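Data block below; observations after.
The values are calculated or read from the model by the stated rules, or taken from the named source; none is laboratory data. Values in this document were obtained by computation on a predicted structure and should not be read as measured data. Here Cβ is always computed from backbone atoms with ideal geometry, including for glycine, and neighbour counts include all displayed protein chains.
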Amino acid sequence: MSIVVDAVSKRFGDFVALDDVSLNVRDGSLTALLGPSGSGKSTLLRVIAGLEAPDSGRVLIAGEDATAKPPQRRNVGFVFQHYAAFKHMTVAKNVAFGLTIRKRPKDEIDERVDELLKLVHLDGFAHRYPSQLSGGQRQRMALARALAVQPRVLLLDEPFGALDATVRKELRAWLRRLHDEVHVTTVFVTHDQEEAMEVAEQIVVLNDGGIEQVGSPRDLYEKPANEFVMRFVGPVSELSGQWMRPHDVEILVEPSGGAAEAQIDRIVHLGFEVRVELSLGDGESTWVQTTRGRVEELELAEGQIVWLRPEAAPVSV
Amino acid sequence: MKSKYALRFVALGYLALLLGIPVGMVFINAFQDGFAAAWDSVTTPEAQHAFYLTFVMVAVAVPLNTIFGVLCALAVVRQRFRGRALLNALVDLPFAVSPVVVGLALLLVYGRRDGWIGPWLADHGVRVIFSTPGMILATMFVSLPFVVREVIPVLREIGTEQEQAAATLGANGFQTFFRITLPAIRWGVAYGVVLTTARALGEFGAVSVVSGKLSGQTETATLFVEGQYQRFNQTGAYAASVVLALLALVTLLAMNVIKPKESRG
């Protein structure tokens with residue numbers, strides 16, 4: 001179901017968490033709310049869920065005004081960063097919670113719980129307690145619990161934030177596949193641009209309680225609306241007063257019209273990728289992302305004088 | 001290594017001197033004329049009535065203070081309102097005020113001749129002072145803080161995320177409380193109940209002021225102990241003390257028997 005956020009503002013005391021934010025989330029899409037901490041991304045998600053009441057503005061879910069509805073009547077699935085597992089219940093009871101509350105027949109509940117535990121690869125864990133699961137397993141249980149009630153929208157607040165790097169990567173790919181299977185409108189909050197790029201179809205970049213840009217991962221990377229978005233969604237280097245992607249800077253070993261002279265301070269080999277750190281004539285420093293092959297071809301060495309220029313049609317602001 | 005033993009010696013020695021030896025002496029004295037004598041002295045009609053009255057105190061004060069304690073803890077932790085800090089501080093009042101003062105305060109309110117609402121109640125046939133209702137009030141007053149104090153830190157620790165998760169899954173306030181919050185705080189509540197029970201069993205000062213100490217009528221177990229002692233029936237006093245101590249011990253043990261399951265949940 002679609003979500004419409006219409007001119008929503010929310011303050012906590014003097015702190016403005018959301019300032020006149022409007023957003024459309026298409027039915028069936030997978031959207032990331034991306035921003036630094038304090039940007040208002042979690043507050044926006046909680047306003048959609050009904051866990052926070054906006055000071056002004058409206059929230060429409062499936063075209064219907066949900067602003068005045070309490071969370072229990074919005075039929076949204078919500079997944080918390082720290083899982084919010086019901087510690088005194090088994091995995092099966094956790095997943096069944098929403099259905100038990102709805103007083104569904106026991107056979108139906110059992111069947112649905114089995115099905116969901118298979119979906120999140122937790123079959124065989126039904127009778128364990130959350131304390132006997134790993135972080136990744138707990139989060140998958142929380143997801144199954146949220147999906148059990150067939151929510152109109154699925155909202156995830158930094159769902160992988162408390163997990164270690166390997167598990168986080170696994171779960172990202174898994175969430176993506178899950179969305180392809182279940183097709184529920186999904187919005188997740190993250191501060192990790194790589195996570196947003198990898199998982200989402202649409203990314204909403206937030207900063208200081210406002211939306212900076214909405215677009216596909218590619219749009220944001222290639223056509224950032226402003227310096228904030230450019231810097232937030234990928235690495236940047238400065239050359240001749242312009243910001244650009246470090247892989248859009250070309251290194252020349254001969255002077256050329258318009259190219260800036262620079263001295264190589266350091267060459268860092270990161271496997272296939274090589275990071276070349278340089279000092280420009282005016283005392284500024286910058287860096288260029290290139291490949292091992294290119295460094296060998298140009299026979300670059302630390303201390304060498306080179307010339308830098310933007311590659312044809314770089315992304316810049 | 002030595003300091004390790006020194007620490008244990010100090011801790012155990014302190015407990016032995018203050019608790020172990022005196023309580024042990026009570027047991028020894030209770031049975032110095034044999035088990036039969038002790039048994040007879042705690043099964044007289046007066047003794048039985050005293051224990052029955054103590055049971056009534058516990059049966060009324062503990063459930064009421066448990067319900068109030070949980071509600072009060074919820075208000076203090078989960079809500080923001082003016083006077084919240086005052087409420088939080090007031091709950092501790094029974095810890096700070098001497099039970100004797102509590103008893104006298106109850107006299108001021110419910111006293112039959114010159115109490116605040118006592119005369120009006122007396123006109124309507126309700127007798128509070130020198131009667132069971134006053135003794136129950138006194139017991140409730142002194143045992144009020146325990147559940148609140150045990151539940152508040154547990155509520156703070158569990159946070160609100162589980163409750164919010166339950167709300168997004170469709171649970172209303174009552175369902176969230178009974179299915180999520182209460183199970184999460186159950187050991188805090190249980191420990192509060194144990195302490196409240198122990199306190200209600202042992203209350204002496206406040207009840208003593210409002211009871212009138214009529215043997216077989218308004219005498220609780222603790223007052224019975226005092227009465228027997230003053231009438232030079234040492235065996236009776238000590239034997240009743242042993243029964244009280246055993247009741248408290250059973251309460252504490254009951255809690256420890258049911259508790260271990262928690263760590264696995």
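All of A:Thr190, A:Thr186 fail the test of being among the β-branched types (Val, Ile, Thr), closer than 22 Å to A:Asn94 by Cα, at pLDDT 90 or above and touching a helix residue (DSSP H, G or I) at 6+ places or on another chain (Cβ under 8 Å), apart from A:Thr186. Of the residues A:Ala32, A:Ala62, the single one that is among the aliphatic types (A, V, I, L, M), surrounded by fewer than 17 Cβ atoms within 10 Å (Cβ to Cβ) and touching a residue at least 24 places away in the same chain (Cβ under 8 Å) is A:Ala62.
Of all the numbered requirements in (1) within 13 Å of chain B (Cβ to nearest Cβ); (2) surrounded by fewer than 16 Cβ atoms within 10 Å (Cβ to Cβ); (3) touching a Ser or Thr at 6+ places or on another chain (Cβ under 8 Å), A:Arg102 misses one, and that requirement is (3).
Out of curiosity, is A:Pro159 under 25 Å from A:Glu194 (Cβ atoms) and touching a strand residue (DSSP E or B) at 6+ places or on another chain (Cβ under 7 Å)? For A:Pro159, the condition - under 25 Å from A:Glu194 (Cβ atoms) and touching a strand residue (DSSP E or B) at 6+ places or on another chain (Cβ under 7 Å) - is met. Mind checking whether some residue in the range A:88-105 is out of contact with any His (no Cβ under 9 Å at 6 or more places or on another chain) and farther than 21 Å from B:Thr181 by Cβ? Among the residues of the range A:88-105, at least one is out of contact with any His (no Cβ under 9 Å at 6 or more places or on another chain) and farther than 21 Å from B:Thr181 by Cβ, which makes the answer yes.
If B:Gly69 meets every condition in (1) surrounded by 15 or more Cβ atoms within 10 Å (Cβ to Cβ); (2) under 18 Å from B:Gly202 (Cβ atoms) apart from one, which number is that one? The number of the failed condition is (2). Here the range B:180-205 is the region considered, the condition is being surrounded by fewer than 20 Cβ atoms within 10 Å (Cβ to Cβ) and either part of a loop (DSSP other than H, G, I, E, B) or of a type in the set (Lys, Arg) (or both), and the residue that is farthest from the other protein chains (Cβ to nearest Cβ) is B:Phe204. Does the range B:164-176 contain any residue that is within 9 Å of chain A (Cβ to nearest Cβ), buried (at least 18 other Cβ atoms within 10 Å of the Cβ) and closer than 16 Å to B:Leu74 by Cα? So far as the range B:164-176 goes, yes, one or more of its residues are within 9 Å of chain A (Cβ to nearest Cβ), buried (at least 18 other Cβ atoms within 10 Å of the Cβ) and closer than 16 Å to B:Leu74 by Cα.
Residue by residue, here is whether (1) within 24 Å of B:Val194 (Cα to Cα); (2) without any contact (Cβ under 8 Å) to a residue 40 or more places away in the chain holds:
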| residue | (1), (2) |
| --- | --- |
| B:Gly20 | yes, yes |
| B:Gly24 | yes, yes |
| B:Asp33 | no, no |
| B:Thr43 | no, yes |
| B:Ala50 | yes, no |
| B:Leu64 | yes, no |
| B:Phe68 | yes, no |
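Scanning the range A:270-291 turns up at least one residue that is aromatic (Phe, Trp, Tyr), free of Cβ contacts under 8 Å to residues at least 60 places away in the same chain and assigned to a strand (DSSP E or B). The single condition among (1) farther than 22 Å from B:Phe174 by Cα; (2) out of contact with any Phe, Trp or Tyr (no Cβ under 9 Å at 6 or more places or on another chain); (3) β-branched (Val, Ile, Thr) that A:Val76 does not meet is (1). Scan B:Val154, B:Val209, B:Val225 and give me the residue that is of a type in the set (A, V, I, L, M), assigned to a helix (DSSP H, G or I), without any contact (Cβ under 8 Å) to a residue 40 or more places away in the chain and more than 14 Å from every other protein chain (Cβ to nearest Cβ). On inspection, the qualifying residue turns out to be B:Val225. The numbered conditions (1) in contact with a Leu (Cβ under 7 Å, 6 or more places away or on another chain); (2) more than 14 Å from chain B (Cβ to nearest Cβ); (3) under 17 Å from B:Gln162 (Cα atoms) are all true for A:Val91 except (2). Flag: B:Ala59 does not match the condition of being at negative phi, without any contact (Cβ under 8 Å) to a residue 40 or more places away in the chain and either touching a Lys or Arg at 6+ places or on another chain (Cβ under 7 Å) or part of a loop (DSSP other than H, G, I, E, B) (or both). Among the residues of the range A:59-78, those that are away from chain B (no Cβ under 14 Å) and farther than 18 Å from A:Arg26 by Cβ comprise A:Asp65, A:Thr67, A:Ala68.
Check the range B:155-170 and report whether any residue there is within 22 Å of the chain's Cα centre (by Cα) and of a type in the set (Ser, Thr, Tyr). No, the conditions are met nowhere in the range B:155-170.
Here B:Phe9 does not qualify as in a loop (DSSP other than H, G, I, E, B), of a type in the set (A, V, I, L, M, F, W, C) and free of Cβ contacts under 8 Å to residues at least 24 places away in the same chain.
So, A:Tyr83, is that one on the phi > 0 side of the Ramachandran plot and at the interface with chain B (Cβ under 9 Å from one of its Cβ atoms) or not? Yes; evaluated as a whole, the condition is true for this residue. Criterion first (aliphatic (A, V, I, L, M) and either surrounded by fewer than 21 Cβ atoms within 10 Å (Cβ to Cβ) or over 15 Å from the mean Cα position of the chain (by Cα) (or both)) does B:Val142 satisfy it? The answer is no for B:Val142. Only a single item in (1) touching a strand residue (DSSP E or B) at 6+ places or on another chain (Cβ under 9 Å); (2) more than 14 Å from chain B (Cβ to nearest Cβ); (3) part of a helix (DSSP H, G or I) is not met by A:Asp110, and it is number (1).
For the range B:230-251, the criterion of being surrounded by fewer than 19 Cβ atoms within 10 Å (Cβ to Cβ), of a type in the set (D, E, K, R) and farther than 17 Å from B:Asn29 by Cβ is satisfied by no residue at all.
For the range B:112-125, does any single residue satisfy the condition of being surrounded by 14 or more Cβ atoms within 10 Å (Cβ to Cβ), within 19 Å of B:Met57 (Cα to Cα) and among the small types (Gly, Ala, Ser)? Within the range B:112-125, not a single residue is surrounded by 14 or more Cβ atoms within 10 Å (Cβ to Cβ), within 19 Å of B:Met57 (Cα to Cα) and among the small types (Gly, Ala, Ser). Annotation note: of A:Arg172, A:Arg152, A:Arg168, the sole residue that is farther than 26 Å from B:Phe178 by Cβ and within 14 Å of another protein chain (Cβ to nearest Cβ) is A:Arg152. Quick check on my filter: what residues within the range A:226-249 are among the basic types (Lys, Arg) and closer than 11 Å to A:Trp287 by Cα? A:Arg245 - this is the single residue of the range A:226-249 that is among the basic types (Lys, Arg) and closer than 11 Å to A:Trp287 by Cα.
Yes or no, residue by residue, for (1) within 14 Å of another protein chain (Cβ to nearest Cβ); (2) aliphatic (A, V, I, L, M):
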{"site": "B:Leu74", "(1), (2)": "no, yes"}
{"site": "B:Val77", "(1), (2)": "no, yes"}
{"site": "B:Trp116", "(1), (2)": "no, no"}
{"site": "B:Phe130", "(1), (2)": "no, no"}
{"site": "B:Met140", "(1), (2)": "no, yes"}
{"site": "B:Gln162", "(1), (2)": "yes, no"}
